[in-house]
């Protein structure tokens, strides 16, 4: 059953458990200023926290695209993405649902960004989460995090494809 996030559908295989996590019925702590990633996808061996940013949405206003790009350049986006992950992790930890490695993916559809931009933001997220063990930690906060395009996501996760609704049956790339 496809799940919708703005102009995207997430189409997971039937054997995957997917939660639309930023839904008030799923994550009810927004009144405590806790942020939530868009989706949590449960694979047999891991959880994937997925946040989707879509300035290329055909319905997006040019001013919103400009704001997104300024947030990207000014580090505001990185801070927001770190908070979403940390708050989602705390929520799931409190539910005792951190029993598998957790990977954080941020899918950004924005034609202004190029491959080095995705890599740079991935590196920043890894630095500020942090992903690797500290000497006294017994577990990772996140096993890894990556910022990816739709094309990269679909290549990496053929069992959980993302498609743009406004394109209908046309290919994304």
Next on the checklist: Need the full-extension length gain, residue 151 to residue 114, defined as separation in residues times 0.36 nm minus the C-alpha distance. One decimal, nm.
Outcome noted: 12.1 nm
Checklist entry - Could you list log10 I(q)/I(0) for the chain at q = 0.15, 0.17, 0.19 Å⁻¹, which the Debye formula gives when each Cα is one point scatterer? => result -0.88, -1.15, -1.45
Item to check | the chain: most fluctuating residue of 109, 149, 80 per GNM, C-alpha cutoff 10 Å | outcome: 80
Item to check | Förster radius 30 Å - calculated FRET efficiency between residue 16 and residue 140, Cβ distance, rounded to 0.05 | outcome: 0.85
Checklist outcome for this item: Pseudo-spin-label distance residue 66 to residue 123, built 7 Å along Cα→Cβ, given in nm, is 3.0 nm
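Once the piece of chain linking residue 165 and residue 33 is laid out straight, how much longer is it, given 0.36 nm per residue of separation minus the C-alpha distance between them? List each step's numbers first, then the result.
On the way: separation 132, 0.36 × 132 = 47.52 nm, distance 3.05 nm.
This chain segment gains 44.5 nm when fully extended.
Could you line up 153, 93 from fewest to most neighbouring Cβ atoms inside 10 Å?
By the 10 Å Cβ count, ascending: 93, 153.
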Checklist outcome for this item: Going fewest to most other Cβ atoms within 10 Å around each Cβ, 159, 5 line up as 159, 5
Checklist entry - Top mean-square fluctuation among 161, 135, 95, Gaussian network model of the chain, C-alpha springs under 10 Å? => result 135
Checklist outcome for this item: Across 118, 105, 128, the residue with the highest GNM fluctuation in the chain (Cα network, 10 Å cutoff) is 128
Checklist entry - What is the antiparallel percent of DSSP beta bridges lying wholly in the chain, to the nearest 5? => result 55 percent
Item to check | Gain upon complete extension [residue 23, residue 83; 0.36 nm per residue less C-alpha separation] | outcome: 19.9 nm
Checklist entry - Rounded to the nearest 500, what is the chain's calculated 222 nm mean residue ellipticity when only DSSP H runs of at least 4 contribute -39500 (n - 2.57) each, over all residues? => result -10000 deg cm²/dmol
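Coordinate-derived values only; no laboratory data. Model, not experiment: these values are computed from the prediction. Quick reminder, even Gly has a Cβ in these numbers, built from the backbone with ideal geometry, and neighbours come from all protein chains shown.
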